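Single-structure report; data block below.
The values are calculated or read from the model by the stated rules, or taken from the named source; none is laboratory data. Just so it is clear, the model here is predicted, and its values are computed rather than measured. Because the Cβ atoms are built from the backbone with ideal geometry, glycine has one as well, and the counts that use them run over all protein chains shown.
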Amino acid sequence: MLRTIREGIFLIGLTVAMVAVFVGSAQGAFPGKPGPLVYPRVSFGESADSGGLVLHGPRQRQKPHQLTANSGDETPSFSADGRFVAFAGNYEAGTPLPPGRHIYVVNVDGSGLRRLTSGPDFDENPSFSPDGKRVVFDRRPSVGKAHIFSVNVDGTGLHQLTNGNFNDSEPVFMPNGKRIVFVSDRDHDVKTDRSDIFAMAPSGANQRVLIDGPRNESEPDTAPNGKSIAFVSNRAAGINIFVAGADGRHVRRLTHNKRDCFSGNCNLGPAWSPDGRHIAFLAVGRFSSDLEVMRADGRGEKEFSNGSTEEEGFGTRVGSPSWGPAARP
């Protein structure tokens, strides 16, 4: 799914009215000592927007610092060693490029920015392989369906993993590297079923449904021990965070909003902590967006960072987080 900011819509398999909001993203958690969170933060103004990706230590009192400075940077994801962040953007050395969106990698200190993909298509939702050698992402052409690709971290070896007359998106590696979890609209069991969560081998083989809900399942994040998958669904009232076993069974709801993003609150973009004890996520309202952190059982929810906008659309918005391990040499 194409992830945009400053849109008047929210896509989670269906359209929900919304104002100027980041949509959630998928990413995989890797095991380790909890390091920083990275998330988009953008200020909307009358003449121009400003912002980019922000790194924030795992404790709320720690001061955040700017990682990138382009307001279009989104869907960040950490490498397994905590040294790199992959993200989607559209610039080179600070200069805007023609329409399209590409995958970039940057060091956690903000240096070494490099572009991995190019062309007119819209590339989003990158996720590192556990060995750090490849990045998977979804690609949507200006006309046609979205599919999943992988590329080497030096930009070579582009390879398409899925195809067909349906949309595949939001790929994440399992921590052991043996499977890729992704979202697809290929399996409509009932009329309201718009997207489910699938799994496949890193080569693209053995594609099968993993979490098959009656409505819309999206934004998977794999637990660092590989035993659970957090995801977003509207299978019950509202748009909430759920968790299932790695086999797709034993689904349970962690949050309990009862309305949509426009008329109440919705929860998006779950991100496991590297020790598996907490989940960070994006809580969205009509004029607000907050990063929240809760325990892995859904209890103890606390605000971590926030943003708000006026009715006219001016103000600050934060986007879905990725939670990385403390950087290793």
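A few remarks follow.
- Inside the stretch 214-262, residues that are among the aliphatic types (A, V, I, L, M), closer than 18 Å to LEU282 by Cβ and surrounded by fewer than 22 Cβ atoms within 10 Å (Cβ to Cβ) make up a count of 2.
- Within the stretch 73-90, the set of residues being surrounded by fewer than 21 Cβ atoms within 10 Å (Cβ to Cβ) and modelled with pLDDT under 95 comprises just one member, ASN90.
- In the stretch 177-184 there is no residue that is in contact with a His (Cβ under 8 Å, 6 or more places away or on another chain) and surrounded by fewer than 21 Cβ atoms within 10 Å (Cβ to Cβ).
- Of all residues making up the stretch 125-180, the number that are in contact (Cβ under 8 Å) with a residue 60 or more places away in the chain and small (Gly, Ala, Ser): 4
- The stretch 183-223, residues that are acidic (Asp, Glu) and touching a residue at least 24 places away in the same chain (Cβ under 8 Å): ASP185, ASP187, ASP189, ASP212, GLU217, GLU219, ASP221
- Hey, GLY313 more than 19 Å from VAL172 (Cα to Cα), touching a strand residue (DSSP E or B) at 6+ places or on another chain (Cβ under 8 Å) and either at pLDDT 95 or above or part of a strand (DSSP E or B) (or both) or not: no
- Per the listing ILE197, ILE239, ILE148, ILE180, the residue uniquely closer than 26 Å to GLY319 by Cβ, at pLDDT below 95 and in contact with a strand residue (DSSP E or B) (Cβ under 9 Å, 6 or more places away or on another chain) is ILE239.
- Residue that is modelled with the lowest pLDDT [pool: residues in the stretch 183-194 that are charged (D, E, K, R) and under 20 Å from the mean Cα position of the chain (by Cα)]: ARG194
- Every pair of residues 6+ apart whose Cβ atoms lie under 9 Å, when the first sits in the stretch 45-69 and is at pLDDT 90 or above and among the β-branched types (Val, Ile, Thr) while the second is assigned to a loop (DSSP other than H, G, I, E, B) and surrounded by 12 or more Cβ atoms within 10 Å (Cβ to Cβ): VAL54/PRO64; VAL54/LEU67; VAL54/THR68; THR68/GLY110; THR68/LEU113
- Within the span defined as the stretch 270-291, one or more residues are of a type in the set (Asp, Glu), at pLDDT 95 or above and out of contact with any Asp or Glu (no Cβ under 6 Å at 6 or more places or on another chain).
- Some residue of the stretch 21-34 being at pLDDT 90 or above and not in a loop (DSSP other than H, G, I, E, B): yes
- Boolean, GLU170 is closer than 23 Å to PRO321 by Cβ, touching a Leu at 6+ places or on another chain (Cβ under 7 Å), assigned to a strand (DSSP E or B) and of a type outside the set (A, V, I, L, M, F, W, C): no
- Test: residue in the stretch 122-136 that is at pLDDT 95 or above, under 20 Å from HIS56 (Cβ atoms) and basic (Lys, Arg): no
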